[in-house]
Amino acid sequence: MSKLAINETVIWAQLHQHQRATRHLHMRDLFADNPQRFAQMHEQLDGFLLDYSKNRITEETLNLLVELAETAELPQWMRRMCCGEKINDSESRAVLHTALRLPASATLEVDGENIVPQVQHELNRALDFAENIRSGSLKTSRGEIFTDVVNLGIGGSDLGPQTLTQALRPYHAPQLNVHFVANVDGTDLAQVLEKINLVTTLFIISSKSFTTPETLLNAHAVRERLCAQLPEEAVAQHFAAVSNNLDAAAAFGIPRERVFTVFEWVGGRYSATSAIGLPLMCAIGAERFRELLAGAHAMDEHFFHAPLRHNMPVLLALIGIWYNTFYRAHSHAVIPYHHGLRRFPAHIQQLDMESNGKQTSRHGDYLDFDTGPIIWGEAGVNCQHAFFQLLHQGSRLIPSDFIVVVNGDYDNDVHQKTLVANALAQTRALMAGKSEAQVYRELADLPAMRRDELMPQKHFPGNQPSNTIMLERLTPYYLGMLLALYEHKVFVQGVIWGINSFDQWGVEYGKVLARDIAPKLDSTDSTAYDASTDGLIRFFRQHHEHA
Ligand code: F6P
C-alpha cells in the first residue's frame with residue numbers, strides 16, 4: 001500500500017477540527033487563565049531565547065502539531081540530512097550545510113569517507129586568504145594594500161553574505177571596506193564603482209556555477225574597466241572566485257589558488273557559512289568567522305538532538321504550519337529590531353520562498369494545500385510607521401517573528417531601551433489588542449452617537465500572533481544561531497509538506513526566456529510572444545537611446 005499524503009492522514013483532519021474548535025480563543029484570555037504560559041512556552045539556549053507564547057495555540061495544539069511532525073517522519077528526515085543521505089532527490093545530492101559548521105575534531109562519513117578534513121581544508125584556505133588581504137600581505141598588482149572588497153554574486157551568492165556582513169558591521173576591519181553588487185541593472189555596479197578605487201579593490205566573483213548571467217555580466221564589465229587601467233595579467237591579483245567551475249574561473253584569468261570551492265552538497269541559499277562567506281571573512285577575520293560557525297553549530301546540535309516539543313526550529317516551523325495551513329494565513333512577517341539586520345528579511349525571503357515555494361511533492365504529485373508562505377518584513381521601528389497599521393487593525397491574520405537584541409553595539413543605551421520597548425509594546429499590543437470596553441471608557445465624555453461611530457475605529461482586536469526571538473547581543477556567535485534557526489525551520493516545513501526544499505526549478509524558466517528576449521530588443525525583427533510582450537518590446541525599441 002502506498003504511503004498516505006500528509007493531508008490524507010488522521011492527524012491532518014484532527015488539526016483542522018482542532019482549529020475549528022479553538023479559533024474563538026483569544027490570547028488575552030489564554031494568558032489571563034494561565035500565569036505559567038510564558039514559562040511553558042519559551043525555550044532558551046545560553047543568551048538566545050525563543051518566546052512562542054503569544055500564539056493562538058494551547059498545549060493540545062502543540063501536541064497535535066508534534067504528532068503531525070512524527071507522522072511526516074521528521075526525526076527520520078533529520079537523521080537522513082545529518083548523515084549525508086541524498087535527500088535533494090531531484091538533483092541527487094546530499095544536503096550538508098551543517099557539515100560546514102562541524103568542529104575540526106568531528107567525523108562525518110559520507111559514502112565511506114570522512115568529509116570533515118576536506119571541509120576544514122577549504123575553510124582554512126578561504127580564511128587564510130581573507131586574513132592575508134586584511135593584513136596587507138597580499139597586495140595589488142602595483143604592490144599596494146587592498147582598500148576595498150567587492151562581491152559580485154546574486155541570490156544565495158549575495159543575500160546571505162551581504163546580510164551577515166551588514167549585521168556584523170561593528171566587527172569589521174576599519175582599513176577594508178566590503179561592498180556587494182548583485183543586480184544586472186548597471187546602476188548597482190556604477191554606484192559601487194563611484195565609491196571605490198578600482199586599482200586597490202579585490203573583486204570576488206561569487207558564483208557556485210560560474211554561469212549565472214547577471215554575475216558574469218558584472219564580472220566582465222569590471223574586468224574590462226580594470227584592464228583599461230592595468231595590464232591584463234593584473235586580473236590574477238585583483239580577482240578571486242568562489243565557485244565549483246574551476247575551468248570557467250581559470251578561463252576568466254583567476255589562478256587556482258584564488259578559487260575557493262563550495263561543496264556540491266551546499267545549496268546556494270544555504271551557503272553563507274561556506275566559502276561564499278569570503279567577503280564576510282575579509283570584513284571580520286578568521287576568529288570572528290569561526291565564532292559564527294560555532295553559533296550555527298550550536299543551533300545545529302540543538303536541532304538534531306532536542307526533543308521535538310522543545311526544539312526551536314521545529315517549534316517555529318510547526319507554529320508556522322498551524323497558521324499557513326490550518327488558518328490559511330498567506331504571509332509571514334520577519335521584523336528585526338536591529339538596524340544591522342535590516343537585510344535579514346530579504347535573506348529569509350530567498351531561503352524560505354525559493355525552498356518551499358512549490359506546489360508539487362518530492363514525488364511529483366500536485367499538493368492540494370497551501371505550502372510556503374509569502375515572507376516579508378522590514379526593520380523595526382521604521383516599519384511601525386509603515387505597515388503596522390495593517391497588522392493592528394487590518395482584516396488579515398499575519399503571524400510574525402520579532403527579532404530583538406538586548407544589548408546594542410554602540411554606546412547609546414537610551415536608543416537601545418527605546419528600541420526594545422517598542423518591540424515589546426508591539427508584540428503585546430498585537431496579542432492583547434484594546435478591548436471595546438476600554439475604548440468605550442476613553443470616549444465616555446463624547447455624545448453617544450459620536451462614541452458609537454468612533455468606538456469600532458479605535459478598537460484593536462488583538463489576537464495577532466507573534467514569536468519573539470531575543471539575543472543577548474548581535475555577536476557572530478548569536479548571528480550564527482539565528483541563521484541556522486531559520487535554515488532548519490524551512491527544512492522542517494518542507495518535510496511536513498512533502499516538498500524537496502533544496503532544488504529551485506521554477507527560477508530557471510525566467511532565465512531561459514530572458515536569453516531569448518534580449519537580442520529582440522536590439523533587432524527590428526517582428527516578435528510573436530503575446531500582444532503585451534510584443535507591445536512592450538516595440539515601445540522599448542521606439543524609446544531606447546543607444547549608448
Ligand atoms: O536564484 C537562483 C539561483 O540558482 C540561486 O539558487 C543561487 O543562489 C543563485 O541563483 C546564484 O547561483 P550561482 O552561485 O551559481 O551564481
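Hull volume per residue, based on the alpha-carbon atoms of segment 1-136 and their convex hull, is 205 Å³. Each of Q438, Q166, G84 was placed along the dipole of the chain (beta-carbon charges, centred on the mean Cα), and the one lying farthest toward the positive end is Q438. The shape of segment 129-195 comes out oblate: with a ≥ b ≥ c from the C-alpha gyration tensor, a/c is at least 1.5 while a/b does not beat b/c. Positive end of the dipole of the chain (Cβ unit charges, origin at the Cα centre): among F38, P336, F502, the Cα lying farthest that way belongs to F38.
A straight line joining the Cα centroids of segment 392-409 and segment 6-40 runs 21 Å. Here, segment 193-324 has an Rg and a Dmax of 19.2, 61 Å when only alpha carbons are counted.
Only the Cβ atoms of Lys and Arg (+1) and of Asp and Glu (-1) were treated as charged; on that basis the dipole of segment 376-472 about its Cα centre amounts to roughly 420 debye. Approximating the spin labels as points 7 Å out from Cα along Cα→Cβ, the R125-to-T533 distance works out to 4.1 nm. Just check segment 235-276 against the gyration tensor rule for me: Cα atoms, a ≥ b ≥ c as the square roots of the eigenvalues, rounded for a/c under 1.5, and otherwise prolate or oblate depending on whether a/b exceeds b/c. Here segment 235-276 falls in the prolate category. Each Lys and Arg contributes +1 and each Asp and Glu -1, all at the Cβ; summed about the Cα centre of segment 415-547, the dipole is approximately 620 debye.
All other residues whose Cβ lies under 13 angstrom from that of A221 are scored, Lys and Arg at +1 and Asp and Glu at -1, for a net of -2. Taking 0.36 nm per residue of separation and subtracting the current Cα-Cα distance, fully stretching the chain between Q44 and D522 would add 166.2 nm.
Net charge in the neighbourhood of T475 (other residues with Cβ under 9 Å of its Cβ; Lys, Arg +1, Asp, Glu -1) is 0. Measuring only protein heavy atoms, the 1.4 Å probe finds H347 accessible over about 10 Å².
Nonpolar atom fraction for segment 31-112, defined as the carbon and sulfur part of the 1.4 Å probe accessible area, stands at 46 percent. Membrane-span-like helices in the chain, defined here as complete DSSP H runs extending at least 20 Å along the helix axis by their C-alpha atoms with mean Kyte-Doolittle hydropathy no lower than 0.5, are 476-497; this is a sequence and geometry rule, not a statement about a membrane. Taking amide H as placed 1.01 Å from N in the peptide plane, the amide H of V406 sits under 5 Å from that of L471, E472, R473, each at least 5 places away or on another chain.
Rounded to the nearest 500 deg cm²/dmol, what is the calculated helix-only ellipticity per residue at 222 nm for the chain, with -39500 (n - 2.57) per DSSP H run of length n ≥ 4?
-15000 deg cm²/dmol
Sorting the segments 348-360, 6-18, 224-236, 484-496 by their mean number of nearby beta carbons within 10 angstrom, highest to lowest, gives 484-496, 348-360, 6-18, 224-236. Here A104 and A306 are evaluated by their C-beta separation; at R0 = 22 Å the FRET efficiency comes out at 0.35.
Spacing of the modelled spin labels on R396 and L424, each 7 Å from Cα toward Cβ, amounts to 3.0 nm. Applying 1/(1 + (r/R0)^6) with r as the Cβ-Cβ distance of K434 and R225 and R0 = 51 angstrom yields a FRET efficiency of 0.30. Legend: calculated FRET efficiency, H543 to E264, from the Cβ-Cβ distance at R0 = 41 Å, rounded to 0.05, equals 0.35.
Within a straight-line Cα-Cα reach of under 19 Å, K458 can be paired with the following aspartates and glutamates, leaving aside sequence neighbours fewer than 8 residues apart in one chain: E436, E442, D445.
Surface analysis of segment 1-147 yields an accessible area of 51 Å² per residue, using protein heavy atoms and a 1.4 Å probe.
Estimated at 0.36 nm per residue, the fully extended path between K417 and R473 surpasses their Cα-Cα distance by 18.8 nm. Counting Lys and Arg as +1 and Asp and Glu as -1 over every other residue whose Cβ lies under 10 Å from the Cβ of K489, the net charge comes to -3. What is the distance in Å between the Cα centres of segment 277-318 and segment 330-367? For segment 277-318 versus segment 330-367, the Cα centre distance is 18 Å. Using Cβ point charges alone (K and R +1, D and E -1), the dipole size of the chain about the Cα centre works out to roughly 940 debye. Here segment 2-46 is scanned for amide nitrogen atoms under 12 Å from the site 7 Å beyond the Cα of F369 along Cα-to-Cβ, giving 5-19. Residues E109, E301, ordered by accessible area of protein heavy atoms at a 1.4 angstrom probe radius and largest first, appear as E109, E301.
The values are calculated or read from the model by the stated rules, or taken from the named source; none is laboratory data. None of these values were measured; they are calculated from a predicted model. Ideal geometry is used to build each Cβ from the backbone, glycine not excepted, and the neighbour counts take in all protein chains shown. The protein model used for the area step is the full one, side chains on, heavy atoms only, and it has no ligands, DNA or RNA in it. Shrake-Rupley method; radii C 1.70, N 1.55, O 1.52, S 1.80 Å.
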